[in-house]
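What follows is a single structure, written as structure tokens, with notes after it.
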Amino acid sequence: MKKAALACIALLTLALTACAQPNAQSSEPTIDPKIPTNQPLTIYQATDIHYLSNTLTDGKEAFQTYLATGDGKQQNYITEITDAFVQDVIQKKPDVLVLSGDITNNGEKVSHEEMAKKLAKIEKAGVQTYVVPGNHDVLNPYARKFKGDEQLKAKDITAEEFAEIYHQSGYDEAIMRDDSTLSYLATPSADTWLLMLDTAEYDNNKQFGAPETNGYISTQTFAWIQKCMDLAKKHDAQLITVTHHNLMDHSELLNHGFTIVQNKEAVSLFAKNDVALNLSGHVHIQDIQKKTVDGKTIFDVATSSMAMYPQQYGVIQYTPNQGLSYKTARVDVEKYARETNSKDPNLLDFQQYSKDYFGQFSYTKSLSELFQKGKYDPDDVEQMAKTMETANFAYFTGDKGFLKDIEKSPGYALWQKADGEFLTKYIDTIVKNRDKNDVSLVIPESR
């Protein structure tokens, strides 16, 4: 069970809500959507930004080592990427912005506080913002700052502090709060509601000395979810659920620690209650999965990490009498660089720089792993690493165009001969899904 102290906040919220009811005998919360019925709705979803405050790094040896041993996130430019995205949102002005977890690098308090200020600017521009934490965001023992050749502990935050810091991004507007998690129900429009689910497990992080990666939904939270779904049905509103962890497996090989432990129960409950779309992140790849339960289909869209090439986010459209759609869009870092008069050539041609950065990282990591095995010819290793780079481009961006000629490459043939290698299975999984569309989706209202 997550932080018991959250019950105090939830009870206070419910008490205040009850006071606001026009009928003191009614326990139903006040529902006052900003957008009326039969109006279109545009939602932007960004995930896994892993924002790190500039005050926590001097960019020197410790930070460079951290980047080199990471997973390809571009935290050397995370401030610019984030600020460019904020600019995109303010200028394009969707109705809603959702951040589905891992908002910060490792839950540093100052990083959260800076992100909350950026979201406040978006709110001021008229865009409703909603957040939930990821496994990196709360009670994280890995909260660090980088100085010279040292990593030093930085202040992290509790669950209560998360709700306080982001009070303007969902928690003030929530019409229902779960007693045991940071989950809440929001009603940005009369037709479309958001069920923001906190699937992170963080209570034991300090005891274990590391953040728990699993996603979890307790029996208590499942009961609360059903209440939210019942309320949505009563008001003839469709629900979009938002989780950090994945509702479905997005990889045959990489699902432990990524997919919600109780995913079968969750998929069944969501589908039976007419939830057509879940938005998630965590796995950092761009992938769309679906399942059908008793004739009802639900999609889980894992949007890729904004901290990685190609710095994309999801655009969800609700059109009355037509349904929902999803597509990806890219953060316009180059425009931001021009408008801020940046002289940095990397920022001014950021898409190419970012592609080269991710490609080189993927190539080098694969090269290193293969050399460590000590059983492959050096020339073969280079070809195999190049093929791995190509496969990762397709996997992380969702753009299957990268796979066009992969099976003709010398490296692919070498991987096929590398019998029993985990990475061979990894590449095969990517290639066999080459015809699956992972960057766009249409869900008709009739389903």
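Points worth noting:
- Checked against (1) touching a residue at least 40 places away in the same chain (Cβ under 8 Å); (2) open to solvent by less than 20 Å² (accessible area, probe 1.4 Å); (3) not aromatic (F, W, Y), Q39 passes all but condition (2).
- Scanning segment 72-97 for residues that are over 30 Å from S362 (Cα atoms) and either over 17 Å from the mean Cα position of the chain (by Cα) or open to solvent by 10 Å² or more (accessible area, probe 1.4 Å) (or both) yields I90, Q91, K92, K93, P94, D95.
- Taking segment 408-447 as the range and being among the charged types (D, E, K, R) and open to solvent by 20 Å² or more (accessible area, probe 1.4 Å) as the test, the residues that pass are K408, K417, D419, K425, D428, K432, R434, D435, K436, E445, R447.
- Residues of segment 272-299 that are under 11 Å from the mean Cα position of the chain (by Cα) and open to solvent by less than 10 Å² (accessible area, probe 1.4 Å): L279, S280, G281, I285, Q286.
- Failed criterion for G398 (all others in (1) on the phi > 0 side of the Ramachandran plot; (2) open to solvent by 10 Å² or more (accessible area, probe 1.4 Å) hold): (2)
- The numbered conditions (1) within 18 Å of K296 (Cβ to Cβ); (2) touching a Phe, Trp or Tyr at 6+ places or on another chain (Cβ under 7 Å) are all true for S268 except (2).
- Test result for T390, in a helix (DSSP H, G or I), at negative phi, surrounded by fewer than 17 Cβ atoms within 10 Å (Cβ to Cβ) and among the β-branched types (V, I, T): no
- Residue within segment 199-212 that is open to solvent by less than 10 Å² (accessible area, probe 1.4 Å) and over 15 Å from H136 (Cα atoms) present: no
- If you filter segment 48-69 down to residues that are without any contact (Cβ under 8 Å) to a residue 12 or more places away in the chain and not polar (S, T, N, Q), you find that the one that is surrounded by the most Cβ atoms within 10 Å (Cβ to Cβ) is L67.
- Test for K327: is it among the charged types (D, E, K, R) and out of contact with any helix residue (DSSP H, G or I) (no Cβ under 9 Å at 6 or more places or on another chain): yes
- Test for K153: is it open to solvent by 10 Å² or more (accessible area, probe 1.4 Å) and farther than 24 Å from D71 by Cβ: no
- In this structure, Y166 does not qualify as of a type in the set (F, W, Y) and open to solvent by 10 Å² or more (accessible area, probe 1.4 Å).
- Complete set of residues in segment 318-333 that are within 26 Å of A302 (Cβ to Cβ) and not polar (S, T, N, Q): Y318, G323, L324, Y326, K327, A329, R330, V331, D332, V333
The values are calculated or read from the model by the stated rules, or taken from the named source; none is laboratory data. This structure is a prediction, so every number in the text was calculated from the model and none was measured. Ideal geometry is used to build each Cβ from the backbone, glycine not excepted, and the neighbour counts take in all protein chains shown. The area values use the complete protein model at the heavy-atom level, side chains included, leaving out ligands, DNA and RNA. Shrake-Rupley method; radii C 1.70, N 1.55, O 1.52, S 1.80 Å.
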